Amino acid sequence: MSTVDESKAEADRARAKLEATLETVRERTQPQALLGSATEEARKQAMKVGVAALSNGRFRPVLALGVAATSIAYLFRNPILKALNKRLGQGEQHD
C-alpha cells in the first residue's frame, strides 16, 4: 500500500470514530436524556438525605420524620397525584 492509501484509510477510520462520538453526544444531550439524568440524581440525593436523617433519628426524631415523609412524597409523587386526582374526580390529569 502506498502512503496515500494508508492516509486515506486512516482518515476514514478517524471520520468514522468522530461520527460515532458525535452521535453519542447527540444522544446524551437530548432533553429526555438530560431530564432522566437529573431525575435520577435527584432521587439519589433524596435517598442519601433520607438515610442520613433516619440515622440521626434518635437525636432529632421530628426532623427525621419530616425528611423521610418529604423524600417518600417526592419519590412517589406521580402515583400520589394520580390517586388524588381520581379521588377529586379529575381523572388522570396532572404534570
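The values are calculated or read from the model by the stated rules, or taken from the named source; none is laboratory data. Here the structure is a predicted model, which is why all the values come from computation and not from measurement. For neighbour counting, all protein chains shown are included, and Cβ atoms are generated from backbone atoms with ideal geometry for every residue, glycine included.
Before moving on, here are some points about what is shown:
- One residue from Thr70, Thr21 being part of a helix (DSSP H, G or I), over 15 Å from the mean Cα position of the chain (by Cα), surrounded by 11 or more Cβ atoms within 10 Å (Cβ to Cβ) and at pLDDT 80 or above: Thr70
- Any hit, the stretch 6-15, residues being of a type in the set (A, V, I, L, M, F, W, C), in a helix (DSSP H, G or I) and under 25 Å from Phe76 (Cα atoms): no
- Residue ID - farthest from Ser71 (Cα to Cα), chosen from residues in the stretch 26-41 that are over 8 Å from the mean Cα position of the chain (by Cα) and either exposed (fewer than 10 other Cβ atoms within 10 Å of the Cβ) or of a type in the set (Gly, Ala, Ser) (or both): Thr29
- Summed over the stretch 73-95, the residues that are charged (D, E, K, R) and modelled with pLDDT under 80 give a count of 2.
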